[in-house]
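The values are calculated or read from the model by the stated rules, or taken from the named source; none is laboratory data. Nothing here was measured: the structure is a model prediction, and the numbers come from that model. A quick note on method: Cβ atoms are made from the backbone with ideal geometry, for glycine too, and the neighbour counts reach across all protein chains shown. Ligands, DNA and RNA are stripped out before the accessible areas are found, and what is left, the full protein with its side chains, is counted by its heavy atoms. Shrake-Rupley method; radii C 1.70, N 1.55, O 1.52, S 1.80 Å.
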Amino acid sequence: MTEERRETDAGIEIRPLYEPGDLEGFDDRRDLGRPGEAPFTRGIYPSMYRGRLWTMRQYAGMGTARETNARFRYLLGHGQTGLSIAFDLPTQMGLDSDHPRAEGEVGKTGVAIDSLEDMRTLMTDIPLDAVTTSMTINATAAILLLLYELVAEEQGVAAGRLGGTV
């Protein structure tokens with residue numbers, strides 16, 4: 001039985017099996033590296049998750065900053081090791097909660113964050129140097145990251161001690 005030729009949309013052949021000889025000029029030390037070392041193709045930590053567990057996060061955020069803070073503290077108290085913040089649609093669009101276009105959407109699909117005070121409330125009693133935070137956000141990412149960094153600074157957390165993604 002003859003296998004039919006497979007190829008990518010760009011017309012590049014996809015072989016059923018690739019072997020070391022197919023990698024002309026490939027130097028595993030240079031091109032693949034070691035775990036925890038540049039070019040980081042084998043992970044960012046030398047022992048990867050045998051030495052450092054995965055961050056456990058539940059995507060959460062609903063209503064006010066105070067309500068979401070209570071949920072975050074509950075989750076952290078029950079074994080979660082990081083935060084994953086869901087922001088409401090007005091926050092994602094850069095609208096204040098009192099904007100006419102925000103009506104009916106405030107706090108519905110995530111937490112409403114309009115100000116530095118809201119971010120302070122959201123992060124009250126959460127050790128920002130001990131958790132990593134993932135913010136699922138697009139257009140207003142730079143603004144929300146700045147608010148987060150300002151709260152961390154107020155908590156005495158050095159910028160180099162913050163971790164997470166935006």
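Observations, loosely collected:
- Within the set 25, 33, the sole residue that is loosely packed, with under 10 Cβ neighbours inside 10 Å and more than 30 Å from residue 113 (Cα to Cα) turns out to be 25.
- Residue among 47, 134, 115, 84 that is under 30 Å from residue 36 (Cβ atoms), out of contact with any Pro (no Cβ under 9 Å at 6 or more places or on another chain) and without any contact (Cβ under 8 Å) to a residue 60 or more places away in the chain: 84
- Flag for residue 113 being assigned to a strand (DSSP E or B) and not charged (D, E, K, R): no
- Taken together, 45, 18 contain a single residue that is surrounded by 11 or more Cβ atoms within 10 Å (Cβ to Cβ), at pLDDT below 85 and in a loop (DSSP other than H, G, I, E, B), which is 45.
- Candidates in segment 55-74 are the residues that are modelled with pLDDT of 95 or more and out of contact with any helix residue (DSSP H, G or I) (no Cβ under 9 Å at 6 or more places or on another chain); of these, the one that is least open to solvent (accessible area, probe 1.4 Å) is 70.
- Filter pass, residue 145 being at pLDDT 95 or above, in a helix (DSSP H, G or I) and not basic (Lys, Arg): yes
- From 121, 81, residue being under 19 Å from residue 162 (Cα atoms), open to solvent by less than 80 Å² (accessible area, probe 1.4 Å) and within 17 Å of the chain's Cα centre (by Cα): 81
- Here residue 121 does not qualify as of a type in the set (Ser, Thr, Tyr), over 14 Å from residue 95 (Cα atoms) and modelled with pLDDT under 95.
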